[in-house]
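Visitor: Structure below; questions to follow.
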């Protein structure tokens, strides 16, 4: 039987994703930096606070975050583990509605405001249309998430991000899938006068041929498409019922299982 493992798009085995909260004006500089180096970010926005103080205006959301992902951070940023259920539902669903009106696409992920959540909240989120939720618990590892509604990042950008980036860059065992997930708030670079931290990181980690640069939801959607693949009992072909291609390594050869097609490994037997 053939040896088959899932790959990221184009046969890559590493993915980088960035996650930034609150939608403040420093996002402009951060997005420009990401765009310069081909890096993708997910930006978690409080729709009820847009345009207030130092925050991005509602009118700017669509253009500023084009090519990246806009995601839920609740309407007003409460500590949701202390909120009544009715308020929690309102904060998440209304944030989804407002952000979807601005972006024109379904918003299906979030980050927990103030890092606050509970097991009861995790159980409720799928009923509110949320498919993943990021915590603030850094793992310092490059493992894929075990639990999407308790998605722990690799690190905050102030916590040895270059050391971890170099370790991530050095990973070469293609039998594994690796993910580096960096989170933070863009305004922290202004507050701490350390934009060089993220500038050096992006310059170093951007443009790598073996890294897939993806938003949070792109990773979720891709891995779910991979899980939906239908392999023959003999593993000599696969059917992909999803709307996107999935890449596989078949006996060391990279194969694209295209959407809606049967893909034979080594040619169809007659």
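Bear in mind these aren't lab numbers, they're just calculated from the coordinates by the rules spelled out. Predicted model, so just to flag it, every value in this text is computed and none were measured. Because the Cβ atoms are built from the backbone with ideal geometry, glycine has one as well, and the counts that use them run over all protein chains shown.
Visitor: Could you work out the relative contact order of the chain? I mean the mean sequence separation of Cα pairs under 8 Å and 6+ apart, divided by the number of residues, in percent.
Guide: Averaging sequence separation for qualifying contacts and normalising by length gives 27 percent for the chain.
Visitor: Could you give the angle, 0 to 90 degrees to the nearest 10, between helix 161-170's Cα long axis and the longest principal axis of the Cα atoms of the chain?
Guide: For 161-170 against the chain, the angle is about 10 degrees.
Visitor: Once all Cα-Cα distances of the stretch 138-270 are split into 10 Å bins that start at 0, what whole-number percent is in each one?
Guide: All Cα pairs considered, the percentages come to 10, 33, 30, 18, 8, 2, 0.
Visitor: Now a separate question. Relative to the longest principal Cα axis of the chain, at what angle does helix 27-37 sit, 0 to 90 degrees, rounded to 10?
Guide: That helix lies at roughly 20 degrees to the long axis.
Visitor: Right, something else. Using only DSSP helix segments of four residues or longer, with each worth -39500 (n - 2.57), what per-residue ellipticity at 222 nm results for the chain after dividing by its residue count and rounding to 500? Kindly include the intermediate steps, with their values, before the conclusion.
Guide: Details: 8 runs with 82 residues, N = 270.
It lands at -9000 deg cm²/dmol.
Visitor: Between 11, 104, 184, which gets the highest mean-square fluctuation from a Gaussian network model of the chain, Cα cutoff 10 Å?
Guide: For the chain, modelled as a Gaussian network with Cα springs under 10 Å, the answer is 104.
Visitor: Shifting gears a bit: Using per-residue counts of other Cβ atoms within 10 Å, averaged over each peptide, order 205-217, 135-147, 70-82 from highest down. Intermediate results must be reported in sequence, preceding the final value.
Guide: Numbers: 205-217: 19.1, 135-147: 14.4, 70-82: 20.8.
The peptides rank, most packed first, as 70-82, 205-217, 135-147.
Visitor: Using Cβ counts within 10 Å as a stand-in for footprinting exposure, how do 111, 259, 242 rank, fewest first? All intermediate terms of the calculation are to be shown ahead of the outcome.
Guide: Details: 111 27, 259 13, 242 17.
Ascending number of Cβ neighbours within 10 Å: 259, 242, 111.
Visitor: Given the convex hull over the Cα atoms of the stretch 13-222, what projected area results after averaging over all orientations, in nm²? Walk me through the numbers before you get to the answer.
Guide: On the way: hull surface 43.7 nm².
Convex hull of Cα atoms, orientation-averaged projection: 10.9 nm².
Visitor: For a quick check, take a GNM of the chain with Cα springs below 10 Å and name the residue from 25, 232, 249 with the largest mean-square fluctuation.
Guide: Its mean-square fluctuation being the largest, the pick is 232.
Visitor: Still on this structure, I have one more. How tilted is helix 195-205 with respect to the longest principal axis of the chain? Cα atoms for both, answer in degrees (0 to 90, nearest 10).
Guide: 10 degrees
Visitor: When 222, 105 are ordered from fewest to most other Cβ atoms inside 10 Å of their Cβ, what list results?
Guide: Taking fewest neighbouring Cβ atoms as first place, the list is 105, 222.
Visitor: Between residue 193 and residue 86, what is the spin-label point distance in nm, taking each point 7 Å from the Cα along the Cα→C-beta axis?
Guide: 4.9 nm
Visitor: Can you say what percent of the DSSP beta bridges in the chain, counting only those with both residues inside, are antiparallel? Round to 5.
Guide: 40 percent
Visitor: Taking 0.36 nm per intervening residue step and subtracting the Cα-Cα distance, what contour gain separates residue 236 from residue 120 on full extension?
Guide: Taking residue 236 through residue 120 to full extension adds about 37.4 nm, to one decimal.
Visitor: May I ask for the distance between the Cα centers of the stretch 186-236 and the stretch 32-85, given as a whole number of Å?
Guide: Going from one Cα centre to the other spans 18 Å.
Visitor: Order of 151, 247 from fewest to most other C-beta atoms within 10 Å? Write out the running numbers ahead of the final one.
Guide: Details: 151 25, 247 18.
Ranked by crowding around the Cβ, least crowded first: 247, 151.
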